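The values are calculated or read from the model by the stated rules, or taken from the named source; none is laboratory data. Bear in mind that the values here come from a model prediction, so they are computed numbers and not experimental data. Every residue, glycine as well, gets a Cβ built from its backbone with ideal geometry; the counts of neighbours run over all protein chains shown.
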C-alpha cells in the first residue's frame, strides 16, 4: 500500500439484520483515504454513507455486522484488532464529528468534563490539571473562550457545539476525522464559518478528514477529492476538480445537475427521476439502472466493476467498460 | 427543649439546612422557585388537614364508644366525650385543631394512654425512618444496578432474569413475602429474628436518644444492641426493599436502554469511551433523572408499604400507628399524622425538585 | 462535579435528622440506666451471640401479646390485659387463688367481716406492707386511694369506676391504720369478688394522685405486688422486675418478665414457634392454635375461659318484638355445627348466658328449645302468620374483625341455619367496630347483632345483669331509666326476671342464689333477648422449658384459670 494512503477500505460490506431479511447497507465497497486530504463522501439519504463512516471505526452494533472487508488504517487491518481494543483507537487515532451537535453532547456533562474524560480515557496518566490545561488550550484554538468550558451543552449555540465536537475529535490529535454531516443542522452563515475552521484545522494539524455530506456545495468548497455512493455501492471517486468538471457516472451527473447554482441561472432545477432503491431487494446489475437515462441492456443484468475511467477518477458504469464474458454467462 | 416542637424540627431543620445550601449556591430563579413552593405548600397542608378533620367526623363511630365497647353506658360515653372536648361545637373543635396545626402542638391522643401525640410520634416516626431508609437504599441499589445490568445485557439471559424478577416481585403481596422470609429464615433456619426492632432483653440495656435504634446503639457504643438492631432490620428491610425494587428495576432498565440509543452515547463511544463507562457513567446518570422523579413519587407508596411491613414484623412505626388510630377513631392522632405526612411529602417533593435541578443542568427555575 | 453536590446534600440531610432527633431524648423510652439484671442478661446474650437466643436466657421470660396497654391507673383501666399487669404489680385486700375463682385474703389478714344487713364490710390490713418505692401502706392511704374510684369520674376515659365502684360502694373509710371499712349502696352478694378485681388494688399514692388520672405513669411503676415495671415503651415492650419490698407469698421465680407487644397475631404465633418469645398469650386465633399444635418445643394450654359469643336481639323493634320470631330464631340455631365447621371443635356450645363452671350455670336454652328443631321453629313462625311465601326478613349485623377474622364464616352458618326454616330471610351486614358497637348497644338501629362478653368478676350476675338492666345492651328487655339501676321491664316475664335478679344480687346464701339464677336463666331463655352461641377457650402457648407452679391449680395452663388471671410469679424457666 502506498505510503500516502492513510486508510484503505477493501471490499467492505456492512449487513443489517431486519425483519425483512439481511440488508447490505454497505455492499463490497473499496475506498482509499489519502493522508492530509479532505475527502467528501456524498450520496442520497440512506445510501449507506453514514454506515460506511461508522464502519471505519467499527462502531456498528446490535443488528449491524461486518461479514467481510479489510480496514487498513495506517498499515494495520482494524478488522483483525480484537473488539475490546477498538476503544483505544476510537477517539485517539480516528475522531468523529456527528451530524447533530444538539444531541451529540451529553446534557449532564459540562464541556470540560467531555474533554478531560476523552483525554484521560486515552491517556490515563494525564493529571486533572494537565487535562484541564490541554482542554483550555484546545478550545481557545477553536475560538471558544476557555471560561465557557464549565458550561453545559444546552448553554451553547449549535455552531459552538459543533466546534466542541471538533475539539473532542482533535483532543487526542486524531490522524483521521470522520465528519458525518457536520453542518446539516447549522444555518448557512454558521456553516460557512465552520467549514472555514475545518479547512484551517486541516492545514494546521495536517488532518485527514472524511467529510460525509449530502451537500455538493460543501464538497465543492472544502474537499480535495470526492466519493459518490449510491445504494450501498461506491459509484465514482476522483478529485473534486475532475469530478465536478466531468462527472462520469450518470448518477454523479444527475447529482451535480440537481444542485442549485446562484451564479448560473439555468432555469428549473434538474430532478432525478425515480426513487432510491430498496436495499432489501436491490435491482440486479447496476443498481442505478432503473433511474439511469443512459441505461443499456447489460446494465440490468450485470454489475459493472469499479475501476479507473480517467487517471485517478474511478467509476462503476458500463458506459466505460466492456462486459466480461464470464459475468455474462453467470448472469445471463 | 420542649417536646412539642421536636417533630417539626426533625423535619424542619434538615430542610432549612438544605434550603440554606441551595440558597447560597443556587441561582436566583431557584430561590424564587423554592420560596413559591414553600408558600404553596402551606395552603395545601391546611386544605388537607381541614379535609381530614371533617372526613373523620363524618365517618360513623367515635373514639369513646369505640374504646369503651359494650361496657360503656350512654352516660359514661357522654361524660368522657365532654371531658375530651368532643361535645364542643364542631366549629370550636375545628378552631382548636387549626391552632394545633399552626403551633404544631398536636394535643393528646384520644385513646390508649391519652399521651401527647408528639411523644407518640417521636417514638413511632424514628422507627419508620429506620425501616424505610435502608429499605429504600436496598430498593435503589437493586433497582439501579439490576436495571442497568439488564439494560446492558439486553435480550440476554441476565436481562430476562431481571425482567421476570421485576414483574414477579412487584406483584408479590408484602405480607406474603414477609411471611415466607419469616418462616424460612426465622422459624426453619433460626438465623434471623422475625419481630420487633431489637432483642427484648438487649433492648432493656439500650439508652435511647434519637429512637433510631441503629444510631442510639452506635453513639452509646452498645455493640450487642447494635448487632441485634442490624439482625432485626434484615428481614423487614429485605421485604420492603425487594417489593419496592421491582419498579426501580423496570424504570431504570427502560431509561438506560432509551439513553443508550442517544446520539451522545454514540458520540462518546466514538471517542473511545469504554462500554462500562458509557453505561454506568453516561447513560445511568441521564437515566437517573426520571428515576429521581419516581423516588419522590414513591414516598407515598413507601409509607403505604411500611404499614404492611410494620404489621407483619410487629414494627412499631408510623404506618401501624395510623392504622390503629384510624380504626380507633383517634381524631387527634389521625389529623396530626396526616398533617405531618403532608408536610413530609411536600418537603420530599421539594427536595426532589432541588436535587433534580442539581443533577440535570438543563433544569432551571 | 454535580454528583458531589448531591452527596453533600444527602449527607447534610441525614446528619441534620440525626442531630435533631438526638435533641429529642426527652421521649420516655427506656431512658433510665439499665438495671443490673438487664445488664447481665445482655452480657449473656452477647456472649452466645446467636440471634434467637433471647428466649433461652434462664433469668428472663418473654411474653408476647397482641393486646396493647390502654391504661395502668387502677381507677381507670378496664381491659383484660391492663388488669393483668396491674394485678401483677399491685394487689388488693382479696384475690382469687391461682387457677380458681375461689377468694383468698391478700393484703387483708382474712376474708373480712360483713354486717348483718350485708352493707358494711370490714377488713384488717396485714403488717409491714410497703410499696416498691418504700412508702408504707397504711389503711388511711389505702382508703384514700380507693376513694379516687368514687370521685375521679370521667377524668378517667376508660371509666371503670362508674361501672364497678360507684354503683355499689357508698363510702370507704379507715377508722385506724389497720382497718378499712366499705359501706355499700345495696347488699350485693358478690362484693368480695369485686374486691379481687384490679380497680380495688392499692395504688401507689406517689404515682396516682387523688385528682388526676394517670394512664401511663413513667417507669419505674411501683405497687405492693410481686413485680414492678422497670421500663415501659408503650408500643414495644414492658419490663417487669421483682419488687424488693414484696412480702406476700407469690415470690417471683425469675429475674425479669418482658411483655412484648405484637401488632399481628400471626407474627406472635411465629415468634413463639421460633423461640423468640417464651409465651404467646392473647390473642391467637383458633387457626393459629391449630398450626402450633404438635410443633416441637411448644406446648398449648387451653383454658375454658369466660369469653362468650351471642346474638343480641332487639325486643322492641319489628319483627323481633314478636316472641314467636325470637323463639323461632332460638329453635333454628345449631351450635355444634358452628363449633365444628368454623372452629374445629375448639369452642364450646353455650346454652345459657352464664357459661359452665360459673355459679348456677344451667343449660336453659337447650332445655327450652332443644335446637336445632326446625319443626318447632316453623310452628312458632306460622303462629305469627309467617310462611314460605311471606317470610320474616332479618338483617343481622356483625363487626368483621373485632371478634376475630372467622366472624364472617360463622355468621354465614347462622344465616344458612335460619334460612333452613324456609320462612326466615337473612341479610348479613358487616359494620366496622367503632360504628357497630354504639349502634348495637344503643338499641335503636339493629334488629339482630352479634356480641361478645368477658366478665369483670367471676359471678353469674356479671353475665346476666348487664343484659337485662337498663336496656340490656341493646336487647331492650327493659327500657333505660335515668337514676334507676334496672330500668323499666317491657313485659311481665321481664318484670319477674328483674325482681329475681335483684334478689339474687343481694342473696348472701349461695344455695339460694343458685336456685334463683336457675329460675332466672329459664325466664331469660323464654325472653331470648340474647341467644348464647358458644364460649371461646383462651389459649396460652409456651415453650416447653417454661412451667407453671405444681402447687396451684392448672399448672398446664401456667396456672391461668377460668378467671383469666395470669400470675407471673408462678412461672419458672429451665435451661
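A compact table of results
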read-out	value
Tally, over segment B:71-81, of residues that are out of contact with any helix residue (DSSP H, G or I) (no Cβ under 7 Å at 6 or more places or on another chain) and either modelled with pLDDT of 85 or more or more than 9 Å from chain C (Cβ to nearest Cβ) (or both)	1
Subset of segment A:202-221 [in contact with a strand residue (DSSP E or B) (Cβ under 9 Å, 6 or more places away or on another chain) and either closer than 25 Å to residue A:277 by Cα or surrounded by 20 or more Cβ atoms within 10 Å (Cβ to Cβ) (or both)]	A:207, A:208, A:209, A:210, A:211, A:212, A:213, A:214, A:215, A:216, A:218, A:219
Some residue of segment C:240-258 being surrounded by fewer than 21 Cβ atoms within 10 Å (Cβ to Cβ) and within 14 Å of chain B (Cβ to nearest Cβ)	yes
Among the residues listed as A:6, A:39, A:12, A:56, the single one being more than 27 Å from residue B:152 (Cα to Cα), touching a helix residue (DSSP H, G or I) at 6+ places or on another chain (Cβ under 9 Å) and at pLDDT 85 or above	A:12
Residues of segment A:116-134 that turn out to be farther than 21 Å from residue B:284 by Cβ, within 13 Å of another protein chain (Cβ to nearest Cβ) and surrounded by 17 or more Cβ atoms within 10 Å (Cβ to Cβ), as a count	2
Sole exception among (1) in contact with a helix residue (DSSP H, G or I) (Cβ under 8 Å, 6 or more places away or on another chain); (2) free of Cβ contacts under 8 Å to residues at least 12 places away in the same chain; (3) within 14 Å of chain A (Cβ to nearest Cβ) for residue B:200, by number	(3)
Residues within segment C:163-185 that are free of Cβ contacts under 8 Å to residues at least 24 places away in the same chain and crowded, with 21+ Cβ neighbours inside 10 Å, tallied	1
Number of positions in segment B:244-277 that are more than 35 Å from the chain's Cα centre (by Cα) and free of Cβ contacts under 8 Å to residues at least 12 places away in the same chain	9
Residues located in segment B:247-265, provided they are surrounded by 19 or more Cβ atoms within 10 Å (Cβ to Cβ) and over 26 Å from residue B:135 (Cα atoms)	B:259, B:260, B:264, B:265
Wholly within segment B:111-209, helices (runs of 4 or more DSSP H) carrying at least 1 residues that are under 18 Å from residue B:317 (Cβ atoms) and out of contact with any strand residue (DSSP E or B) (no Cβ under 9 Å at 6 or more places or on another chain)	B:117-152, B:174-181
Qualifying residue in segment C:250-267 (condition: assigned to a helix (DSSP H, G or I) and more than 30 Å from residue B:307 (Cβ to Cβ))	no
Qualifying residue in segment C:115-127 (condition: crowded, with 21+ Cβ neighbours inside 10 Å, over 30 Å from residue C:303 (Cα atoms), touching a residue at least 60 places away in the same chain (Cβ under 8 Å) and assigned by TED's automatic domain parsing to the domain that holds residue C:171)	yes
Residue within segment C:478-495 that is assigned to a helix (DSSP H, G or I), in the same structural domain as residue C:313 (by TED's automatic domain parsing) and touching a residue at least 60 places away in the same chain (Cβ under 8 Å) present	no
Where residue B:349 falls short, out of the listed (1) away from chain A (no Cβ under 14 Å); (2) more than 16 Å from the chain's Cα centre (by Cα); (3) modelled with pLDDT under 85; (4) in a helix (DSSP H, G or I)	(2)
Filter pass, residue A:178 being under 19 Å from residue A:213 (Cβ atoms) and within 13 Å of chain B (Cβ to nearest Cβ)	yes
Total residues in segment C:288-308, condition without any contact (Cβ under 8 Å) to a residue 60 or more places away in the chain and part of a helix (DSSP H, G or I)	3
Any chance residue B:300 is within 12 Å of the chain's Cα centre (by Cα), over 28 Å from residue C:158 (Cα atoms) and buried (at least 24 other Cβ atoms within 10 Å of the Cβ)	no
Those residues of segment B:48-70 which are touching a helix residue (DSSP H, G or I) at 6+ places or on another chain (Cβ under 6 Å), farther than 19 Å from residue C:76 by Cα and surrounded by 14 or more Cβ atoms within 10 Å (Cβ to Cβ), in sequence order	B:48, B:49, B:52, B:53, B:56, B:61
Test set (1) buried (at least 17 other Cβ atoms within 10 Å of the Cβ); (2) within 21 Å of the chain's Cα centre (by Cα); (3) within 13 Å of chain B (Cβ to nearest Cβ) - residue C:400 fails condition number	(1)
Residue match in segment C:452-461 (condition: touching a residue at least 24 places away in the same chain (Cβ under 8 Å) and over 21 Å from the mean Cα position of the chain (by Cα))	no
Lone unmet requirement of (1) touching a helix residue (DSSP H, G or I) at 6+ places or on another chain (Cβ under 6 Å); (2) part of a helix (DSSP H, G or I) for residue A:242	(1)
Residues (over 30 Å from residue C:447 (Cα atoms) and buried (at least 19 other Cβ atoms within 10 Å of the Cβ)) located in segment C:300-317	C:300, C:301, C:303
Residue selected from segment B:278-288 under the condition in contact (Cβ under 8 Å) with a residue 40 or more places away in the chain and either surrounded by 18 or more Cβ atoms within 10 Å (Cβ to Cβ) or within 20 Å of the chain's Cα centre (by Cα) (or both), by the criterion farthest from residue B:362 (Cα to Cα)	B:279
Any hit, segment B:226-243, residues being surrounded by fewer than 19 Cβ atoms within 10 Å (Cβ to Cβ), without any contact (Cβ under 8 Å) to a residue 12 or more places away in the chain and at the interface with another protein chain (Cβ under 10 Å from one of its Cβ atoms)	yes
Members of segment B:155-176 that are touching a helix residue (DSSP H, G or I) at 6+ places or on another chain (Cβ under 6 Å) and either closer than 25 Å to residue C:233 by Cβ or within 14 Å of another protein chain (Cβ to nearest Cβ) (or both)	B:159, B:174, B:175
